[in-house]
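The values are calculated or read from the model by the stated rules, or taken from the named source; none is laboratory data. On a predicted model such as this, the values are computed, not experimentally measured, just so you know. A quick note on method: Cβ atoms are made from the backbone with ideal geometry, for glycine too, and the neighbour counts reach across all protein chains shown.
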Amino acid sequence: GAGVSQTPSNKVTEKGKYVELRCDPISGHTALYWYRQSLGQGPEFLIYFQGTGAADDSGLPNDRFFAVRPEGSVSTLKIQRTERGDSAVYLCASSGDRLAGSTDTQYFGPGTRLTVL
Amino acid sequence: AQSVTQPDIHITVSEGASLELRCNYSYGATPYLFWYVQSPGQGLQLLLKYFSGDTLVQGIKGFEAEFKRSQSSFNLRKPSVHWSDAAEYFCAVGAYGNKLVFGAGTILRVKS
């Protein structure tokens, strides 16, 4: 079966612009996570969805960042008024295939590399 | 608060030599522990995980890790490293169905 997919793979934008990053989780996975990985660092948690609702958004750095998952599947991370410091790889993960009983392992997508000029 | 420390930023080993990557965690309850590997330009691939039970867990690609509660450690080992193992390795701690907290990673270089 298909893994987690993310689009675009690369996004270059100018400071102040708005960007959307998309994540398609593994089919049937109920939980979806966004992480941000800056150069030379490990991934840092941003937000976690269980179904359609954000169960934990404590990692969002400020109100320029928000994410949605309106139908409990695909999620979009939205960044307003981008800043150079937002440049990073944004990773999406999903978990919770209850049929397989594997609800605790997060499977990651390849990421979207965001560059803010 | 949860935290993960990977003390070694870089490690270089010769091909065929054994490998141990260190990971120490801080977590108030029984932790869920993971090792992921990331090759350049690639996403994170799960190597192995510990949830409960046997403290020595086997993973893919010949890797294993041992959970030691008394030392708050979850070190990754491989008896014989291959050139294709060169990558960055991340240790992570998490709670059920919740966020993962990652270490800063260890870059493994393999000498031929």
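Any chance the stretch A:45-63 includes a residue that's of a type in the set (Ser, Thr, Tyr), away from chain B (no Cβ under 13 Å) and touching a strand residue (DSSP E or B) at 6+ places or on another chain (Cβ under 7 Å)? Before you say what the answer is, go through the steps one by one.
Applying the first criterion (of a type in the set (Ser, Thr, Tyr)) to the stretch A:45-63 yields A:48, A:52, A:58.
From the residues that got through so far, the ones that are away from chain B (no Cβ under 13 Å) too are A:52.
From what is left, the residues that are touching a strand residue (DSSP E or B) at 6+ places or on another chain (Cβ under 7 Å) are none.
No: the stretch A:45-63 contains no residue that is of a type in the set (Ser, Thr, Tyr), away from chain B (no Cβ under 13 Å) and touching a strand residue (DSSP E or B) at 6+ places or on another chain (Cβ under 7 Å).
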Only residues that are of a type in the set (Phe, Trp, Tyr) and touching a Leu at 6+ places or on another chain (Cβ under 8 Å): list them for the stretch B:1-50, please. B:Tyr25, B:Phe34, B:Trp35, B:Tyr36, B:Tyr50
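Can you list the strands (runs of 3 or more DSSP E) lying wholly within the stretch B:16-57 that have 3 or more residues being within 11 Å of another protein chain (Cβ to nearest Cβ)? Talk me through it step by step, then tell me what you get.
On the way: elements: B:19-21, B:24-26, B:32-38, B:44-50.
Because the criterion is at least 3 residues that are within 11 Å of another protein chain (Cβ to nearest Cβ), the strands (runs of 3 or more DSSP E) in the stretch B:16-57 that meet it are B:32-38, B:44-50.
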Scan (1) touching a residue at least 24 places away in the same chain (Cβ under 8 Å); (2) closer than 30 Å to A:Thr7 by Cα for the single condition B:Asn98 breaks and write down its number. (1)
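Evaluate the stretch B:17-36: report whether one residue or more is without any contact (Cβ under 8 Å) to a residue 40 or more places away in the chain and surrounded by fewer than 15 Cβ atoms within 10 Å (Cβ to Cβ). Break it down stepwise before answering.
First pass over the stretch B:17-36, keeping only residues without any contact (Cβ under 8 Å) to a residue 40 or more places away in the chain: B:28, B:30.
With the extra rule that they be surrounded by fewer than 15 Cβ atoms within 10 Å (Cβ to Cβ), the set shrinks to B:28, B:30.
There is at least one residue in the stretch B:17-36 that is without any contact (Cβ under 8 Å) to a residue 40 or more places away in the chain and surrounded by fewer than 15 Cβ atoms within 10 Å (Cβ to Cβ).
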Hey, can you tell me all the residues within the stretch A:56-82 that are free of Cβ contacts under 8 Å to residues at least 12 places away in the same chain and either under 19 Å from A:Ser27 (Cα atoms) or surrounded by 15 or more Cβ atoms within 10 Å (Cβ to Cβ) (or both)? A:Asp56, A:Asp57, A:Val68
Report the residue count in the stretch B:62-110 for those that are among the aromatic types (Phe, Trp, Tyr), touching a strand residue (DSSP E or B) at 6+ places or on another chain (Cβ under 6 Å) and within 9 Å of another protein chain (Cβ to nearest Cβ). 2
Where residues in the stretch B:89-112 are farther than 18 Å from A:Gln37 by Cα and among the hydroxyl-bearing types (Ser, Thr, Tyr), which of them is modelled with the highest pLDDT? B:Ser112
